[in-house]
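What follows is calculated from the coordinates using simple rules that are stated; it is not laboratory data. Treat the numbers as computed from the prediction; the structure is a model and nothing was measured. Cβ coordinates were reconstructed from backbone atoms using ideal geometry, including for glycine residues, and neighbour counts include every protein chain displayed.
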Amino acid sequence: MSPEKYIIQKGRDLEFHECVINDNWSKSGLAIITVCKKMPSGNLVACLYLLDIYCLGLKNTLYNFNMSELEYEDFVEKTYSKQEGRINKCETVFAHNIIYGAIDYAENLGFLPQKDFKTTEFLLNPDLLSDEIDDIEFGKDGKPLFIQGPNDNATRIINKLNETVGRDNYHYMRAGEDIEM
């Protein structure tokens, strides 16, 4: 069975191993969450979710399959090594709230999750969402904040924001500018 089929067919039933998140996610607007589950063999499968909580939702997602504990630790180290701040373990429910909350917020703005979510969503359990999702701020100061990244099609995104929320109802910054609002 291919890794994709395994995740889709069995991912939701696997036991959670851990979830980790970058500690500066709320300040930077970029949450990097790894959800790791244990396979019956004892090896691990992990999915990474790169989330723009200010506007675009799930920007990227990928998985790593059938890893030993050492391979998983190396995967986490490489994933977070270029990020400012530290990584923290987080509660599974909290990770789910951020992932699904960011996706829902972005969908309301007209932005769909990255295409590979059709596979990686099966390592998640939507039943784990809690009322605490309402305590997480999506957007910035009550409005979407689009921070243009190097691979973003700014014209398309700005046009979509103009269409969904109106010209003066969002903030826009080029990458590298400081967030001061």
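Dividing the alpha-carbon radius of gyration of the range 60-164 by 2.2 N^0.38 Å (N being the number of residues), what value is obtained?
1.23
Can you put Tyr49, Tyr72 in order of Cβ neighbours within 10 angstrom, beginning with the fewest?
Working: Tyr49 29, Tyr72 19.
Ranking Tyr49, Tyr72 by Cβ neighbours within 10 Å, fewest first, gives Tyr72, Tyr49.
Using a simple spin-label model with points 7 Å from Cα along the Cα→Cβ vector, what separation in nm is obtained for Leu128 and Glu163?
Result: 3.4 nm between the two label points.
Only Lys, Arg, Asp and Glu count, each charged at its Cβ (+1, +1, -1, -1), so figure out the dipole size of the chain about its Cα centre, rounded to 20 debye.
640
Let me check against my output: what whole-number percent is the relative contact order of the range 3-132, with C-alpha pairs under 8 Å and at least 6 apart?
31
Among Ile53, Pro40, Ser28, flag the residue with its Cα farthest along the positive direction of the charge dipole of the range 8-69, charges on Cβ as +1 for Lys/Arg and -1 for Asp/Glu.
It is Ile53.
So which residue, out of Gly142, Gly110, Gly11, gets the largest mean-square fluctuation from a GNM of the chain using Cα contacts under 10 Å as springs?
Maximum among the listed residues: Gly142.
Can you pull the semi-axes for the range 1-99, root of five times each eigenvalue of the Cα gyration tensor, sorted largest first, whole Å?
Details: eigenvalues 106, 44, 27 Å².
In descending order, the three semi-axes are 23, 15, 12 Å.
Lys and Arg at +1, Asp and Glu at -1: add these up for the other residues within a Cβ distance under 13 Å of Gly110 and post the number.
Here the charged neighbours net out to -1.
Taking the Cβ of Leu56 as the centre, find all other residues whose Cβ is under 12 Å away and add up their charges (Lys, Arg: +1; Asp, Glu: -1).
My count for the surroundings of Leu56 gives 0.
Would you indicate which of (i) 18.5, 77; (ii) 16.6, 54; (iii) 19.3, 58 is the value of Rg and Dmax of the Cα atoms in Å derived from the coordinates of this structure?
Step by step, Rg and Dmax of the Cα atoms in Å for this structure corresponds to label (ii).
Among the lysines, which fall within straight-line cross-link reach of Lys38, defined as a Cα-Cα distance under 23 Å, with same-chain neighbours fewer than 8 residues apart omitted?
Within the straight-line cut-off, Lys38 pairs with Lys5, Lys10, Lys78, Lys89, Lys118.
Counting each DSSP H run of 4 or more residues in the chain as -39500 (n - 2.57), what helix-only mean residue ellipticity at 222 nm follows after dividing by all residues, to the nearest 500 deg cm²/dmol?
Value at 222 nm, helices only: -9000 deg cm²/dmol.
Based on the Cβ-Cβ distance from Lys143 to Glu91, what FRET efficiency comes out when R0 is 30 Å, to the nearest 0.05?
Approximately 0.60, to the nearest 0.05.
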